[in-house]
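Reading through the structure tokens given below for one structure.
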Amino acid sequence: MRNWTMKLALILISVLALMGEAYAVELGITTGSEKGTYYQFGLNLKELVKQYNFQLNVLPSNGSIDNINLVYRKPQAQLGIVQSDVLAFVARVQTNQVLRDVSQKIKMVFPLYNEEIHLIGKKGISGFDDLTGKKVAIGAEGSGTYVTAKLLFEVSKIKPGEILTIGPEEGLAELKAGKIDAMFYVAGYPVKLFTEKVSEQDGLALLPILNPAVVQFYPNVEIPAGVYAWQKEPVSTVAVKAVLIAYNFRTTNCYNIGQFAAIIADNMDWLIANGHPKWKAVDLDYPLKGWEQYDCVRAQLEKSPKSKGGKSPADLNPVLDAIKEILR
């Protein structure tokens, strides 16, 4: 009898486990480079929400513009992480039909953290204002780094000699080989790429961004000394805010994303203790100017005790095309 009882218990446990898997909520989040902070945040969220029967698929991408496009078209990702300046740029360009449509369908779930604009270059370059005539990598097309760098040059009127639209890993390789003078990468420190792939022997430095025209539009921040082993002094730069976004669903996913957001809000202590160091800087209640929180998220947060309130169609990116046309 005892053996049968134990067998029955094991069968029940197996059935319940299968039922749990069958009824798990599946969502996708599009992030960025696997060496970047967005991707690490996605992995942290995946680890958290699986405890609540959510399956979160973490998708690497080219960055913010890619993420806005993927969430807007929603084949794989209902959620994404983007830079606030890219989001604001999309929302404010009301003369372009593509970007106008996108801004109506993309909603903010939470503001996250400040993303420092990393400008890394040869030690002989004094800072951002010294990039005139230089050869500079500004990130791959589709990345937030690409748009931010373009906007910095437009605001400041600084004109590099040559701009390369290549991703951060390729840009760093070119920089270390002496083929370019500097590169941009917008990401919350510490950036895994610079932690793992740069050493003092490379002869590179974080360069300050102090241009008066730039600091009128972007908040001035500091990357403290020692964030990277090869960086001995604090560096003044500017930052943008990372933002978690979702498609403006009016279906079941409205509820699912609201539940997902409530899990985050209720478990910030867990994320701070177990996730990327930037979780310590996250303020879910930060009033991001010009953006209202997704109503499906607000509805669930109100119930939460801890919360306050030529290519294939899959490769087409009309958001990037529209932005490139405007920045051309």
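Quick notes on this structure:
- Check on residue 179, over 27 Å from residue 88 (Cα atoms), in a loop (DSSP other than H, G, I, E, B) and charged (D, E, K, R): yes
- Residue tally, condition of a type in the set (Asp, Glu) and at pLDDT 95 or above, over the stretch 149-168: 1
- Among the residues listed as 287, 212, 208, the single one being farther than 25 Å from residue 175 by Cβ and assigned by TED's automatic domain parsing to the domain that holds residue 125: 212
- Within the stretch 271-317, the residues that satisfy the criterion of being among the charged types (D, E, K, R), assigned to a loop (DSSP other than H, G, I, E, B) and at pLDDT 75 or above are 283, 285, 289, 292, 302, 303.
- Scanning the stretch 192-241 for residues that are of a type in the set (A, V, I, L, M), surrounded by 13 or more Cβ atoms within 10 Å (Cβ to Cβ) and part of a loop (DSSP other than H, G, I, E, B) gives 198, 207, 209, 210, 227.
- Taking the stretch 143-169 as the range and being over 13 Å from residue 132 (Cα atoms) and among the charged types (D, E, K, R) as the test, the residues that pass are 150, 169.
- Test: residue in the stretch 154-162 that is assigned to a strand (DSSP E or B) and either within 27 Å of residue 41 (Cβ to Cβ) or of a type outside the set (Ser, Thr, Tyr) (or both): yes
- Residues of the stretch 242-263 satisfying the condition of being among the aromatic types (Phe, Trp, Tyr) and either under 18 Å from the mean Cα position of the chain (by Cα) or buried (at least 19 other Cβ atoms within 10 Å of the Cβ) (or both): 247, 260
The values are calculated or read from the model by the stated rules, or taken from the named source; none is laboratory data. Just so we're clear, the structure is a prediction, and the values are computed from it rather than from any experiment. Positions of Cβ are generated from backbone atoms using ideal geometry, with glycine treated the same way; all protein chains shown enter the neighbour counts.
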